[in-house]
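Chemist: The structure is given below, and queries will be raised subsequently.
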Amino acid sequence: MCRTGSIRRAICALLLGAAAMLSSCAGDAAAAPDVPTRQGVRVGFRLSLGETEGYGTRSGAVDDGTSVDYENYIDLIRSNYRILFFDTDDRYLTAFRPAEFVPVGGDPLRTPYYEVFGEIDALVAGADFKVVVLANWPNYPDDAVAGETTIEEICTSVGSRYDYEPPFVPSADAAIPMYGVRRCTGMAFSADRMTWLGTVYLLRAMAKIEVVCPTEGWTLERVALHRYNRMGFCAPDKVYDEADYVSDGEYEHPRTADIHPVEGAAAEGPLDFGRTDDGRFVICVPEYRNTLGGVRSADAAEIRVKFEQRKDKEYVIDFKYYQHPPEGSRVGDWFDIRRNYYYKFSITKSTEYDEPQISIDLYPYDVRELGPIFGQDK
C-alpha cells in the first residue's frame with residue numbers, strides 16, 4: 001500500500017471540501033443576510049519554503065525541497081499549524097481563521113509554497129502588526145491572551161520543543177517543525193475586499209546532511225553521524241521579526257544569527273544515515289553546536305564513512321570548510337549545524353592513497369556542498 005499516495009489524495013479531498021464549504025457558506029449568507037456573524041476582515045498571504053526563481057549555482061542546480069516527499073510538508077489533514085497575529089510590541093492580538101490553505105504546484109507533499117486565505121478579527125485600518133506561523137509542532141499554546149501573551153512566550157512554551165527519535169525520516173507522522181514571522185506595515189482593511197499581506201518565509205527546525213561519492217569504482221558502505229541532539233526547538237532563538245532571519249532582501253537564503261540547540265540533549269551516536277535508491281546517504285537532524293569561541297568544541301559532531309572497497313578503514317568528515325569558505329571565514333574554520341541548511345558533502349576518490357579532488361557549492365535553501373579531505377583514520 002502506498003501511504004504517500006493516500007496522503008496526497010486526502011489533502012486534495014480536504015481542499016475540495018474546503019472549497020465546497022466556502023461555496024455553501026456564501027449561499028447561506030445570501031439567503032439569510034440578517035444572521036449575525038463574527039466581525040472580521042479577509043486576508044491572504046503566502047508561506048514560502050524556498051523559492052528559487054532567478055537563483056542557481058555554478059552547476060546550474062538548485063534545491064528547494066521539492067525533490068523529496070515531506071521536506072516542505074505542512075500537516076493540513078490534522079490542522080497541525082497555528083497562525084497568530086501580534087502587535088509591534090510582540091503582544092498577541094488575534095488568531096487567523098483559515099478558509100483555504102492551498103499547496104501550490106500540484107503536489108501537496110513537495111510544494112515550495114502555500115497560499116492561505118481566511119479571516120481575522122477587524123484591525124484598525126493602517127495598523128502595523130506581525131504574522132507568526134507555527135507548523136508541525138508537537139503541541140501549541142492555545143491559551144494566548146490578547147494584549148498579554150508574547151511571541152517569546154509562544155516560542156519558549158512547553159510545546160516549542162520536539163523529540164528527535166532516530167531513525168528519523170520526514171513523513172506524514174513525523175513532519176519537520178517550522179516557524180516564520182512577517183511584519184506588516186500600513187495595511188488597510190475593507191469589509192468588501194481581501195487584503196494581501198505578502199509572504200511569510202518559514203524556517204525548518206532541522207538541517208539536512210547528505211554524503212555522496214560520485215567516483216566510479218568507489219562505493220559508500222556506511223555513513224554515520226557521531227554526536228547529535230535528541231531534542232530540538234521548533235522555533236529559532238529570539239526571532240520575533242523577519243529582519244532577524246531575512247536581510248537585504250535575500251529571502252531565498254533565510255538564516256538566523258545563531259543556532260538554538262537544546263542544552264543537555266546531546267547523544268553520542270553513532271546515528272546511521274539513510275541510503276537512497278541512487279546511493280546517496282541522507283539524514284535530517286536538530287541543530288548542533290560544533291564551535292566554542294570561534295574554534296572547534298571538544299564535543300563537536302563528525303561524520304564517519306566506510307567504503308565497500310576498504311572495509312578495514314573508517315574515514316572522518318568534519319564540519320569545517322575544506323574549500324571556498326564564505327566571506328568572513330577561512331579554509332579549516334568549523335561551523336555549527338544550523339536549522340534550514342542543507343549540507344552536501346561530496347567525496348571524490350581516485351586511488352587508494354591519492355588525495356581526493358574537492359568541490360564546494362552553495363545552493364538555494366542553503367545547501368553547502370562540502371568536499372572533505374581524508375587524512376584521519378579511526
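The values are calculated or read from the model by the stated rules, or taken from the named source; none is laboratory data. Since we're looking at a predicted model, the values are computed, not measured. Every residue, glycine as well, gets a Cβ built from its backbone with ideal geometry; the counts of neighbours run over all protein chains shown. All accessible areas refer to the heavy atoms of the entire protein, side chains included, with ligands and DNA or RNA removed. Shrake-Rupley method; radii C 1.70, N 1.55, O 1.52, S 1.80 Å.
Chemist: Only residues that are in contact with a strand residue (DSSP E or B) (Cβ under 7 Å, 6 or more places away or on another chain) and modelled with pLDDT of 75 or more: list them for segment 242-265, please.
Modeler: GLU242, TYR245, VAL246, HIS260, PRO261, VAL262, ALA265
Chemist: Keeping to segment 156-173, report how many residues are open to solvent by 30 Å² or more (accessible area, probe 1.4 Å), aliphatic (A, V, I, L, M) and in a loop (DSSP other than H, G, I, E, B). I'd like the intermediate steps shown before the answer.
Modeler: We begin by selecting, within segment 156-173, every residue open to solvent by 30 Å² or more (accessible area, probe 1.4 Å); these are 156, 158, 161, 163, 165-169, 171, 173.
Narrowing the set further to residues that are aliphatic (A, V, I, L, M) leaves 158, 169.
After this cut, where a residue has to be in a loop (DSSP other than H, G, I, E, B) as well, the list is 169.
Number satisfying all stated conditions: 1.
Chemist: Taking interchain pairs and intrachain pairs at least six residues apart, which have beta carbon atoms under 6 angstrom, with the first residue in segment 113-126 and modelled with pLDDT of 90 or more and the second loosely packed, with under 15 Cβ neighbours inside 10 Å and not hydroxyl-bearing (Ser, Thr, Tyr)?
Modeler: From segment 113-126, the pairs are GLU115/VAL104; GLY118/ARG97; GLU119/ARG97.
Chemist: Within segment 101-155, take every residue that is assigned to a loop (DSSP other than H, G, I, E, B) and of a type in the set (D, E, K, R) and give me the one that is least open to solvent (accessible area, probe 1.4 Å). Walk me through it before giving the result.
Modeler: Going through segment 101-155, the residues assigned to a loop (DSSP other than H, G, I, E, B) turn out to be 105-112, 122-126, 136-149.
Among the residues that remain, those that are also of a type in the set (D, E, K, R) are: 107, 110, 142-143, 148.
Working: ASP107: 40, ARG110: 80, ASP142: 112, ASP143: 116, GLU148: 116 Å².
The extreme case among them is ASP107.
Chemist: Can I ask one more? What number of residues within segment 266-318 are under 17 Å from PRO166 (Cβ atoms) and in contact (Cβ under 8 Å) with a residue 60 or more places away in the chain?
Modeler: 16
Chemist: Using the structure shown, decide if ALA235 is at pLDDT 95 or above and under 17 Å from the mean Cα position of the chain (by Cα). Don't jump to the end; show me each part of the working.
Modeler: On the way: at pLDDT 95 or above: yes; under 17 Å from the mean Cα position of the chain (by Cα): yes.
For ALA235, the condition - at pLDDT 95 or above and under 17 Å from the mean Cα position of the chain (by Cα) - is met.
Chemist: Of all residues in segment 191-216, which are aliphatic (A, V, I, L, M) and either open to solvent by less than 20 Å² (accessible area, probe 1.4 Å) or within 18 Å of VAL305 (Cβ to Cβ) (or both)? So that I can check it myself, show each step before the final result.
Modeler: Of segment 191-216, the ones aliphatic (A, V, I, L, M) are 191, 194, 197, 200, 202-203, 205-207, 209, 211-212.
Selection gives LEU197, VAL200, LEU202, LEU203, ALA205, MET206, ALA207, ILE209, VAL211, VAL212.
Chemist: Hey, another quick one. Go through segment 328-343 and report how many residues are touching a Ser or Thr at 6+ places or on another chain (Cβ under 9 Å) and within 27 Å of LEU49 (Cβ to Cβ). First the steps, then the outcome.
Modeler: Here is the first cut: in segment 328-343, the residues touching a Ser or Thr at 6+ places or on another chain (Cβ under 9 Å) are 333-336, 338-340.
Adding the requirement that they be within 27 Å of LEU49 (Cβ to Cβ) leaves 335-336, 338-340.
Qualifying residue count for the region: 5.
For (1) out of contact with any Phe, Trp or Tyr (no Cβ under 9 Å at 6 or more places or on another chain); (2) modelled with pLDDT under 95, each residue gets a yes or a no:
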{"residue": "ASP128", "(1), (2)": "yes, yes"}
{"residue": "ASN136", "(1), (2)": "no, no"}
{"residue": "ASP142", "(1), (2)": "yes, yes"}
{"residue": "PRO170", "(1), (2)": "no, yes"}
{"residue": "MET187", "(1), (2)": "no, yes"}
{"residue": "SER190", "(1), (2)": "yes, yes"}
{"residue": "THR199", "(1), (2)": "no, yes"}
{"residue": "ARG204", "(1), (2)": "no, yes"}
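Chemist: Additional query: What single numbered condition from (1) farther than 28 Å from VAL239 by Cβ; (2) in contact with a Pro (Cβ under 9 Å, 6 or more places away or on another chain); (3) at pLDDT below 90 fails to hold for LYS320?
Modeler: For LYS320, the exception is condition (1).
Chemist: Has segment 324-337 got any residue that is of a type in the set (Val, Ile, Thr), over 30 Å from PHE129 (Cα atoms), crowded, with 17+ Cβ neighbours inside 10 Å and over 23 Å from the mean Cα position of the chain (by Cα)? Step through it out loud before you land on a result.
Modeler: Taking segment 324-337 and keeping what is of a type in the set (Val, Ile, Thr), we get 331, 337.
Subsequent filtering for residues that are over 30 Å from PHE129 (Cα atoms) retains 331, 337.
Now drop any that are not crowded, with 17+ Cβ neighbours inside 10 Å, which leaves 337.
Add one more test, that the residue is over 23 Å from the mean Cα position of the chain (by Cα), and what stays is none.
No, segment 324-337 contains no residue that is of a type in the set (Val, Ile, Thr), over 30 Å from PHE129 (Cα atoms), crowded, with 17+ Cβ neighbours inside 10 Å and over 23 Å from the mean Cα position of the chain (by Cα).
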